[in-house]
Structures are given as C-alpha cells and as structure tokens.
1. Restricting attention to the stretch 218-256, which residues are surrounded by fewer than 23 Cβ atoms within 10 Å (Cβ to Cβ) and among the polar types (S, T, N, Q)?
2. Report the residue count in the stretch 277-306 for those that are of a type in the set (Val, Ile, Thr), more than 28 Å from the chain's Cα centre (by Cα) and farther than 17 Å from Gln80 by Cβ.
3. How many of the residues making up the stretch 81-95 are part of a strand (DSSP E or B) and over 17 Å from Lys346 (Cβ atoms)?
4. Given Ala312, Ala295, which one is touching a helix residue (DSSP H, G or I) at 6+ places or on another chain (Cβ under 7 Å), farther than 12 Å from Phe99 by Cβ and surrounded by fewer than 19 Cβ atoms within 10 Å (Cβ to Cβ)?
5. Got a sec? Which of Ser148, Ser173, Ser168 is among the polar types (S, T, N, Q), closer than 26 Å to Ser357 by Cβ and either free of Cβ contacts under 8 Å to residues at least 40 places away in the same chain or surrounded by fewer than 24 Cβ atoms within 10 Å (Cβ to Cβ) (or both)?
6. Only one of (1) part of a helix (DSSP H, G or I); (2) among the hydrophobic types (A, V, I, L, M, F, W, C); (3) touching a residue at least 12 places away in the same chain (Cβ under 8 Å) fails for Trp290. Which number is that?
7. Can you tell me which of Ser207, Ser214 is surrounded by 12 or more Cβ atoms within 10 Å (Cβ to Cβ) and modelled with pLDDT under 75?
8. Answer yes or no as to whether Ser103 is touching a helix residue (DSSP H, G or I) at 6+ places or on another chain (Cβ under 7 Å), farther than 30 Å from Ser350 by Cα and not acidic (Asp, Glu).
Amino acid sequence: MAPHKTSSSTQAQSRQILPSNLDDAQTPLLRPSSQELNDESTSRWAQWRMKTQDFWLQSKGMILVLLSQFFGASMNVMTQYLEIDGERGAGMDPFQILFARMSITVIASYLYMWYAQVPDPLGRRPVIGLLTLRAVGGFFGVFGLYYSVKYLPLSEATVLTFLAPILSCYATSLFVAHETFTWKQQLAGVVSLGGVVLIARPFSPMSAPSDSPSDGAQADELHHLLAILMALVGVLGAACAYTTIRMIGKRAHPLVSVTYFSVYSTLISCIAMAVLPSVDFKLPSTGIEWTLLVALGVCGFLLQFLLTAGLAYVPPGQAAGSGNRATSMVYTQMLFALFYDEVVWKNTLSAMSWAGSGLILVSAIYVAMAREPRGDVVQVQVQHADERNGGEGHNV
C-alpha cells in the first residue's frame with residue numbers, strides 16, 4: 001500500500017506543478033486569464049490613444065486650415081451668387097457684400113472674445129504694427145477675390161489665389177527665423193506663374209482684338225483682364241496676411257487678428273460706399289439674399305478664425321517651420337471650388353485652365369510639403385504638460 005500512496009502523491013504534485021512551469025510555447029491550448037486579456041486590451045487602447053493624441057498635436061494646424069477652406073469655398077459661391085444679375089434685379093457690389101460680411105464678423109469676434117475672456121483684446125503693443133499690416137493685406141486679399149469672382153468662374157478665381165502661399169514662403173524665409181526657401185522651391189514658383197499665364201490666356205484668340213469688335217465684347221474682355229489683375233492684387237494681399245500671421249504666432253489670440261482685419265475691412269467698405277458714385281448702398285430685396293448674407297458672415301468668421309489659428313499653431317517641441325503642412329491645406333479649396341462650379345453653376349474648366357490649375361497645384365503642394373519641420377520630438381505626455389502649463393500660448 002505504501003508504494004501506491006507514494007505514486008499517487010507524486011502524480012498529484014506533478015499535476016500541481018505542471019501548469020506553473022510550462023510556458024505558452026509548450027502549452028498552446030492554455031488560454032490567458034481574464035486579467036491578462038484586460039491588461040492587453042488596456043495596453044492596446046493606451047497605445048492607440050497615445051498615437052491619436054500625438055497625431056492631433058502634430059496635425060492640429062493642418063486640420064484647422066483644412067476645415068477653414070470648406071467655409072471659404074462656401075463663402076465664395078454665395079458671394080458669386082449675390083454679385084450676379086438675375087430675376088431679383090441687379091447684383092450687389094463687392095463693397096456691399098464685404099461690408100455685410102465683415103460687420104457680422106466683427107460682432108461675432110467681439111462676442112466670442114467677451115465670452116471667452118480673451119486677454120489683450122486690442123493686441124499687445126509689440127504686435128500692433130503686425131496686426132495692422134495683417135488687416136490691410138487681408139482686406140486687399142478678400143476684395144481682389146470678391147471682384148474676380150464677379151467676372152471669372154469660381155474655380156479659376158480660386159486657383160489664382162494659390163500663388164499667395166508661395167509668395168508667403170518667400171517672405172517668411174526672409175522675415176521669420178529658421179525658415180528657408182530652396183532653389184527647387186523657387187523653381188516651383190516660376191512654374192506656378194506659368195500656370196497663371198495658361199489660366200489668364202493673354203495670347204489666346206479670346207484676348208486678341210478683332211477687326212470689328214462690339215461694345216459688349218470689348219466690355220467683357222476688359223472685365224476679364226481687370227478681374228485677373230484684381231485677383232493678382234488679392235494674391236499679394238493674402239500673401240502679406242499669411243506672412244504676418246506667421247510672424248505674430250502665439251503673441252496674439254487668433255480672434256484679435258480676425259478683429260483687426262474685420263474692423264478695417266468694414267471701415268474701408270463703408271467709406272467706399274459713401275464716396276464712390278458707382279457704389280450705392282442696397283439692402284437685400286429677398287429672403288434668399290438676407291439668408292445668404294447672414295450665412296456669408298458666419299462662414300467668413302469661421303474661415304478667418306480657423307485659418308488664423310491653424311497658421312499660427314506651433315506643435316509642441318518645434319520652434320519654427322511648422323506652418324508648411326498647414327499652408328498646404330489652403331490648396332484643398334480648389335476641390336470645393338470645382339465641386340461648386342460643377343453642381344451650382346454647371347461650369348467646367350477648359351483644357352488650358354485645367355493645365356494651368358494643375359501646374360499651380362503641383363508646384364504649390366511641392367513648396368508646402370518639401371520643407372520638413374524641424375525640432376526634437378517630444379513625448380505626448382510632455383506635450384500635454386506644455387499645452388496645460390505653457391505661458392503665452394493661446395489655445396483654440
């Protein structure tokens with residue numbers, strides 16, 4: 001009996017020791033415990049959350065600018081509808097639309113700053129000059145676009161504005177520290193100018209004078225050339241605005257910059273309506289016009305707020321050179337413009353315009369994406385601490 005008891009005791013001990021000594025490779029049929037499953041699930045969730053947070057911190061500016069372009073394209077198509085003549089009568093003048101839009105933007109900006117208790121609503125003394133320059137450049141940028149969409153298809157007027165980020169890259173390389181603009185990127189700018197020539201068609205039969213042109217044909221040709229000229233003036237203004245926004249950075253809240261721009265534009269458009277004999281103050285005559293003007297003001301406010309916040313945003317751990325990915329998102333407005341041209345106006349680009357648009361888009365995207373941001377990579381936990389404890393930075 002004794003040997004039998006010893007054998008049973010040994011078998012029992014082996015059964016107790018076996019599971020604790022075998023690893024997973026030797027016991028493939030053994031499943032992990034519920035605690036191990038919970039730990040693994042928690043670890044995967046934490047990793048996914050960390051990657052998502054890191055992507056948001058590094059791409060926040062780009063996403064904000066992308067969203068702003070949707071509101072910008074929507075605003076442009078509403079502007080074009082209000083400017084054209086139709087059954088409701090003569091269209092509205094660009095100064096009238098600009099006055100209505102900027103008035104709503106001023107009210108919305110001040111209300112939001114009052115609600116959010118934004119510090120220094122008039123701007124700090126060191127950046128007042130830059131804020132004023134941003135306002136002047138922004139006014140010419142938006143007026144040039146408003147005038148051009150009256151006589152050009154929306155997509156063509158929009159694609160001309162894509163020269164502004166390239167000029168802004170030139171300016172920031174001169175006035176912003178740690179910014180460079182290589183010869184390859186400068187060559188891309190020349191290619192973009194070639195795209196503008198294809199869109200403007202200065203040597204096409206349409207722009208060549210005929211033997212006996214009618215007055216209407218001459219007027220249309222003149223308006224076409226003036227629209228292109230004003231669009232290029234708008235490019236200079238927009239480039240000035242982009243550059244000054246980058247120079248201001250986080251030294252002023254984005255809404256302070258928007259307020260300067262909207263107040264200046266409101267005053268100039270009001271003076272123009274009072275002084276220029278060709279511009280008469282006209283109230284909306286239909287409910288559709290009232291609705292479009294209100295929607296125009298809301299879209300304009302969101303456009304400027306998101307655009308300014310996106311361009312001024314600097315990811316934690318980077319000192320400069322972080323606005324290029326955000327700037328590249330300006331070109332997505334072309335996609336929205338093409339959509340509106342096809343759906344709303346039933347317009348399609350000509351082959352020459354498609355070629356010019358392609359040159360500008362490819363060159364501009366190259367300029368925006370070729371300059372990689374520099375700076376040490378900071379872990380997500382440190383980045384969150386910087387955002388919570390950062391001194392002068394303003395969060396959206």
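The values are calculated or read from the model by the stated rules, or taken from the named source; none is laboratory data. Keep in mind it's a predicted model, so treat the numbers as computed, not measured. No Cβ is skipped: glycine too gets one built from the backbone with ideal geometry, and neighbour counts run over all protein chains shown.
1. Gln218
2. Adding up the residues that qualify gives 1.
3. Matching residues across the stretch 81-95 total 1.
4. Ala295
5. When all the criteria are applied, what remains is Ser173.
6. Against the list (1) part of a helix (DSSP H, G or I); (2) among the hydrophobic types (A, V, I, L, M, F, W, C); (3) touching a residue at least 12 places away in the same chain (Cβ under 8 Å), Trp290 comes up short only on (3).
7. Result: Ser207 is the single residue among Ser207, Ser214 that is surrounded by 12 or more Cβ atoms within 10 Å (Cβ to Cβ) and modelled with pLDDT under 75.
8. So Ser103 fits the description; yes.
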